[in-house]
Structures are given as structure tokens and as C-alpha cells.
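Below: the structure, in C-alpha cells.
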Amino acid sequence: MKIKKIVIACLLLLGGVHISTAQDDLLDILNNEQEDATYVPPAFKMTRVAFGHSTEIRSKGVLELFTATRFWNFPGDRSQSFAADKMTTRIALEYGVSDRLSFGIGGTTFDGLFDSYLKYKLTSQEKGEKAAPFNITLLQAGSYNSSSGSVYSGLSGDFSDRLAFTSQVLVSRKMSSKFSLQLAPTFVHKPLGVSNQDNKNFFALGFGARYKLGPHLSIVSEYYRTFNPIESFDTYDPFAIGVNWELGDILIQLMLTNTRNMVEDTFITQTTNNFNFKDPNLHFGFNATYVFHLKNKLKK
Amino acid sequence: MNKSFLALLLILSFGITSNSEKVIARQGQVSFFSYTSVENIKAENNQVYSIINLQEGTIAVDMLMNAFVFEKALMREHFNESYIESDIYPKATFQGKIIDFDTNAQGTQIKMIKGAFKMHGVSKDIEIKTKIENNNGSYTLSGVFETFVKDYNINIPPLLAGNIAKSIAVNFKFEYQPYEN
């Protein structure tokens, strides 16, 4: 009898356990049915890290109005300028032709550069064994220098001499939920026309990083190493450190940098100031993006 | 007497779980709306999984947060990265019980579901009124409920406080099919 009682008690207990775990079983079943979450948020939210491109592109039907401004002062204690001595602005439009391809055009006030580019997203980073571990985006950009006689002078009237081309392979990875890293091997073809000894083809490697401080705030830094800079005048590698503020349809970047140029071929080959906090080397930069959605993603 | 009692217990304790009949929905629809004077936000997810244990009236729901599609593409990025943090909390789940669920009743019945909704790492007990339609053993569940953003530790920056409603209306509709293991 005793044994029977124990058996009954055990069975009752077992039954109880079965019933109490039944709910967990349901979620377990769904967990097995549901595909694993492979989604990784984009490594960068803006299409720029600071001055250079990021792997991020705009989705289909999205038009981005991008303005970038740099301010700097002349050396000297006294200046009667309002706020800053000099400034340059680049205004650009970027449009997502598809979810992978976007197209942009822009113009810069200070160096009279008109630029255009195509950006194609090859892979997106995902979780999982067979998923791509990196975001890879290809960039092909071209620019036309419209300035009559610039600080770099030497520009001939030939149309082809005023053209420059940049090809980039942008590779980025979200290392953790907060930290993203980007490498950008870059090839630039740019005839500067200052000296015949100067090379026209340049190789550079870009480094970019983003660290999320909070849901809407992140810090970014970017650096380009140019391997074969020109010899007729001194150039330095462009560097920037900045803060991103990412809110709704407006994305804002504030940065400190040593380059006043905003198109790849110029900031890689023609940054004439090193990064320090003295005028005129220190540039305050401001990028603002406003995004227009021209296509409703929901099926009506 | 004792033997038959034992047999009954055996059937009871094992029968309940092994023979239990389940129905599953693999393309359930969940959408949510935020209405403010500044902006209306709508998002849809058509790949939500749900399962019901008909004997016990228990129900579970499992959804991937990144499967929500928004009117605006950039909103989806913000939603996943800045609000719901779907790389850390990829899923929202619900498990609960349909109170007084009559599996045999044909036609429409309105019932309450009590259970725990887990999203953004926060689990909260909620009660949802649901309309159950039984058409010869094929069940459809639908309903609407309100949920508060701040209950789930989701921060809305003060500048956007006017754009995102404090209370979000969630719509759901699941069509179930028999589930075979």
C-alpha cells in the first residue's frame, strides 16, 4: 500500500509538472517553427561616417537632402568676421533607385566642385552561419572642378583635366550592438596640374568607426591614410571626430576636422592642414540630412 | 479499485499532454498604430507565429521585431536600432490562457485572454479581449489592445514626444490550422 501511495503521489506530481510546463512547451514549439532572428541593424545610420561615405545607402524611393558645412578661422588674434572667417557648403541630393542602388549629385561652394556618385550595396551583415559577416558597398564617384583659378592653380581649360574619379570598396561590420567599424580601400584618379612630377593616381585606406552612446546619440571618427601623396606641396591625412544625432527624418552630425573638402578625391589628395586646434587648421563641421519618403513601404 | 484509480491517474497525467490537440498560425498579422496630431505611424508584420493548445486553452505568440514594415523606410531603422533594439531583443512573445474557451461552440465568441507579453526585455501581465471564430474546427482569433510605450522601457526623446503616441494600438489576426508534430 505504501508503495502504491508513493506511486500515486509521483504520478500526481508528474501530471502537475506536465501541466505547468505546457505553456513553455507552446513557446518552445513556436521557437522551433519560427526562423532564427538574423537581422543586424545597419552599422551606420547616415550615408556618411563624417566626411567620407559609409556603407549605408538609402532605401528605394527615399530622397535625401544633404547639406554639409565647414567653418574655419584665419590665424591671428583679431578678426572682424561674424562667427567664422570662412565657410564652405556642399549641398547634395541622394535618391534610392532600389534598396541596393542609390545615386547622388552635389555641389560645393568653396572649391567649385560638382560631384556625382553611384553607390551599390553588395551585402548586408546578418547573423547566422551562412549569412554575410560584413556590409559591403561599392562606390563610384566623379567630380568636375569648375573653379577658374584656384589655390592649387595649374588647372588647364581642358574638360578632362578638371575631372577626377574615385572608386571605393566600403566594408563595415557592426562589432557589437554599440560599436561599428569600417574599412575603405580607395583608388583616386585626379590630375591636379600643379607639377608634372606629381602622380595622378592615388591609393588610400579609410578607417571609420561609430560608437552608440544612447538610442539616438553616437560618436563617430574617420581617418584616411593616403599611401602616395603628391610631392609638390605638403598634404596631410584627413581626420574627423564628431557626434551624430539621429532623430526621425532629421539626422545631424557635428564634427571637428582638418579637411575643408567634402568630396573624396579632394580630401584624400589635397588636405593641406594637419589636425590640431590652431587656426586655420581646425574646422568645425556640420552635416544635416533631411529624408523625404516618396514611396510608402506598406501595401495598401 | 485501487488499480483502476491508478490507471485513471496514468491516463490523466500523461494523456493530457501527449494527446493534446494544437492549432498553429504561421502567417499571423500584427500591426500597430500611433496616432498623434503631428504624425501617424503604422507598421505591419505578416509573419507572426501563434499556437493554441485547444484542450487547455493556452495560447502562445512569437514575432520577430525586425519583420515589422513601416510606411517610411528610415522609421524601420530607427524602430529596430533606437527604440526596440532588435539586435538585443529580437523577439516579442506572449503566452497566456483563453478564459472559458469553448472549443466546440460554432460561430463567434468573445473571450478574454490573460497572459504575459514580453517585449524589449520587459514582461508584463496583460488582458486582451478577443473575438474567436470557429468555422468547423478552423479557428480565427482577432482583436485590438492598447499598450503603453513606457511600460516596456522604450524611451522617446523629448523632441519627438509629439510624434509618437504614449499609447499604441495593436491589432492582431491569426488564422489557425491543425498542428502536427
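Observations on the model:
- HN-Hα J in Hz across the range B:97-114 - Karplus 6.51, -1.76, 1.60, θ = phi - 60°, x for Gly and Pro: 9, 7, 6, 6, 6, 9, 6, 8, 5, 7, x, 9, 9, 9, 10, 9, 10, 10
- With a 10 Å cut-off around each Cβ of B:82-92, the average count of Cβ atoms from other chains is 4.
- Theoretical FRET efficiency, 1/(1+(r/R0)^6), r = Cβ-Cβ of A:Leu205 and A:Asp77, R0 60 Å, to 0.05: 0.95
- Given 14 as the ceiling on other Cβ atoms within 10 Å, longest exposed-site-free region of chain A for chymotrypsin sites (Phe, Trp or Tyr not before Pro) in DSSP loops: A:1-81
- Antiparallel beta bridges, as assigned by DSSP with both residues in the range B:21-178, represent about 100 percent of the total such bridges.
- Helix A:2-33 and the longest principal axis of the C-alpha atoms of chain A enclose an angle of approximately 30°.
- Taking the Kirkwood radius as Rh and the Cα radius of gyration as Rg, chain B has a ratio of Rg/Rh equal to 1.07.
- Partner shielding of A:246-253 amounts to 4, given as the average count of beta-carbon atoms from other chains within 10 Å of each residue beta-carbon.
- Peptides B:133-143, B:26-36, B:101-111 ranked from most to least packed, by the mean per-residue count of other Cβ atoms within 10 Å: B:26-36, B:133-143, B:101-111.
- 10 Å-binned pair-distance histogram of the range B:74-121 (Cα, whole percent): 22, 30, 22, 21, 6
- Ranked list, fewest to most other Cβ atoms within 10 Å of each Cβ, for A:Asp99, A:Asp158: A:Asp158, A:Asp99
- Longest to shortest principal axis, alpha-carbon extents of the range A:185-300, angstrom: 61, 37, 20
- With contributions of -39500 (n - 2.57) from each DSSP H run of at least four residues, the per-residue ellipticity at 222 nm computed over the protein assembly as shown stands at -4000 deg cm²/dmol.
- For chain A, built as a Gaussian network whose Cα springs stay under 10 Å, the top-fluctuating residue of A:Gln80, A:Gln197, A:Gln34: A:Gln34
- Inter-probe distance in nm under a simple model that places probes 7 Å from Cα toward Cβ, at A:Tyr290 and A:Phe233: 3.6 nm
- Size of charge dipole - the range B:63-127 - debye, nearest 20, with Cβ of Lys, Arg +1 and Asp, Glu -1, no other charges: 140 debye
- Extension gain from A:Ala131 to A:Phe103, taking 0.36 nm per residue of separation minus the Cα-Cα distance: 7.4 nm
- Across the range A:274-283, rounded Karplus estimates of 3J(HN,Hα) from the backbone phi angles (6.51 cos²θ - 1.76 cosθ + 1.60, θ = phi - 60°) give 8, 7, 7, 9, 9, 6, x, 6, 7, 10 Hz, Gly and Pro being marked x.
- B:Glu133-B:Asn46 FRET efficiency (beta carbon distance; Förster radius 25 Å; 0.05 resolution): 0.85
- For the range A:43-99, trypsin sites (Lys or Arg not before Pro) meeting the loop criterion (DSSP other than H, G, I, E, B) and having at most 10 other Cβ atoms within 10 Å: A:Arg78.
- Across the range B:60-77, computed HN-Hα scalar couplings (Karplus, 6.51 cos²θ - 1.76 cosθ + 1.60, θ = phi - 60°) run 9, 10, 9, 9, 8, 5, 6, 7, 6, 10, 10, 4, 9, 4, 5, 5, 4, 5 Hz from first to last residue, x flagging Gly and Pro.
- Rounded tilt (10° steps) of B:2-18 against the dominant C-alpha axis of chain B: 30 degrees
- Taken about its Cα centre, the protein assembly as shown carries a charge dipole of roughly 820 debye when the Cβ of each Lys and Arg holds +1 and the Cβ of each Asp and Glu holds -1.
- Cβ neighbours within 10 Å from other chains - mean over B:57-63: 4
- Signed unit charges on C-beta, dipole axis of the protein assembly as shown, positive-most listed residue B:Phe94, A:Ser143, A:Thr269: B:Phe94
- Within straight-line cross-link reach of A:Lys45, aspartates and glutamates at Cα separation under 17 Å, skipping those fewer than 8 residues along the same chain: A:Glu56, A:Glu64, A:Glu94, A:Asp99, A:Glu126, A:Glu222, A:Glu246, A:Asp249, B:Glu77, B:Glu81, B:Glu85, B:Asp87
- Between the listed residues B:Leu160, A:His283, A:Ile252, the Cα displaced farthest toward the positive end of the dipole of the protein assembly as shown, a dipole computed from Cβ unit charges relative to the Cα centre, is found at B:Leu160.
- Rounded to whole Å, sorted largest first: equivalent-ellipsoid semi-axes of chain A, Cα gyration tensor: 53, 20, 18
- Calculated P(r) tail over 18 Å for the range A:36-113, as whole % of Cα pairs: 56 percent
- Per residue, the average separation of C-alpha pairs within less than 8 Å and at least 6 apart gives chain A a relative contact order of 17 percent.
- Highest mobility in the GNM of chain A, judged by mean-square fluctuation with C-alpha springs under 10 Å and restricted to A:His216, A:His189, A:His53, is found for A:His216.
- Shown here for the range A:226-292: GluC sites (Glu not before Pro) in loop regions (DSSP other than H, G, I, E, B) with at most 13 other Cβ atoms within 10 Å, namely A:Glu231.
- The charge dipole of the range A:62-293, taken about its Cα centre with unit charges on the Cβ of Lys, Arg, Asp and Glu (plus for the first two, minus for the last two), comes to roughly 620 debye.
- The label-point distance for B:Ile110 and B:Phe148, in a model that sets each label 7 Å from Cα toward Cβ, rounds to 2.5 nm.
Every number here is computed from the coordinates shown, using simple stated rules; none is lab data. All values derive from a computational prediction rather than experimental measurement. So basically every Cβ, Gly included, is an ideal-geometry build from the backbone, and we count neighbours across all protein chains shown.
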